[in-house]
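K.L.:
For reference, the structure I am asking about is given below.
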Amino acid sequence: ETILRRVPDGWGRWISVDAGWYPLVVATDRRLAELDANYVVQQIKEKFGTLRYYCAPNGDDPAPELLDAFDAITDDAERASALTCERCGEPGVLQRTQYWAKTLCAVCGVNLGYTPVPEPGG
């Protein structure tokens with residue numbers, strides 16, 4: 001609820017990821033709030049199998065250092081999501097169907113009809 005209140009009026013107030021990534025979302029929010037308690041969320045979603053946390057410091061002209069710190073935090077969350085099952089939070093890998101990609105553990109991948117993506121060179 002705290003995170004959803006950060007979404008400005010006119011934007012959709014939802015988080016478009018499964019429960020396995022909720023701890024990543026909460027941890028990301030905490031880290032960002034330490035830098036700017038009033039930061040703004042535009043969107044939180046899964047894209048190409050990883051977490052995308054689109055946000056910005058509050059205000060019209062944030063310092064470049066603050067923007068860099070925000071990018072580092074959201075990049076950390078994206079990297080962590082690439083190793084975490086989006087559905088259950090267990091360790092996961094990138095998996096695909098014909099049209100979709102998700103990071104899933106073996107059990108969730110099988111249950112949803114996904115197949116692990118071979119590692120490059122493997």
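K.L.:
What number goes with the only condition from (1) of a type in the set (S, T, N, Q); (2) at pLDDT 95 or above; (3) open to solvent by 100 Å² or more (accessible area, probe 1.4 Å) that residue 81 does not pass?
P.N.:
The one condition residue 81 does not meet is (3).
K.L.:
A further question follows. Would you tally the residues in the stretch 88-101 being more than 13 Å from residue 23 (Cβ to Cβ) and either of a type in the set (Asp, Glu) or open to solvent by 40 Å² or more (accessible area, probe 1.4 Å) (or both)?
P.N.:
Number of matching residues: 8.
K.L.:
Sticking with this one: What are the residue pairs meeting all of these: first residue in the stretch 42-71, first residue free of Cβ contacts under 8 Å to residues at least 60 places away in the same chain, second residue β-branched (Val, Ile, Thr) and open to solvent by 70 Å² or more (accessible area, probe 1.4 Å), Cβ atoms under 9 Å, and 6 or more apart or on different chains?
P.N.:
none
K.L.:
Does residue 102 meet the test of being in a strand (DSSP E or B) and touching a helix residue (DSSP H, G or I) at 6+ places or on another chain (Cβ under 8 Å)?
P.N.:
Yes.
K.L.:
Right, something else. Take the residues in the stretch 1-48 that are of a type in the set (Ser, Thr, Tyr) and in a loop (DSSP other than H, G, I, E, B), then tell me which one is surrounded by the most Cβ atoms within 10 Å (Cβ to Cβ).
P.N.:
Among residues in the stretch 1-48 that are of a type in the set (Ser, Thr, Tyr) and in a loop (DSSP other than H, G, I, E, B), the one surrounded by the most Cβ atoms within 10 Å (Cβ to Cβ) is 39.
The values are calculated or read from the model by the stated rules, or taken from the named source; none is laboratory data. Quantities reported herein were computed from a predicted structural model and do not represent experimental measurements. In this analysis, Cβ positions are derived from the backbone assuming ideal geometry, glycine residues included, and neighbour counts consider all displayed protein chains. These accessible areas exclude ligands, DNA and RNA; they are computed on the full protein's heavy atoms, side chains included. Shrake-Rupley method; radii C 1.70, N 1.55, O 1.52, S 1.80 Å.
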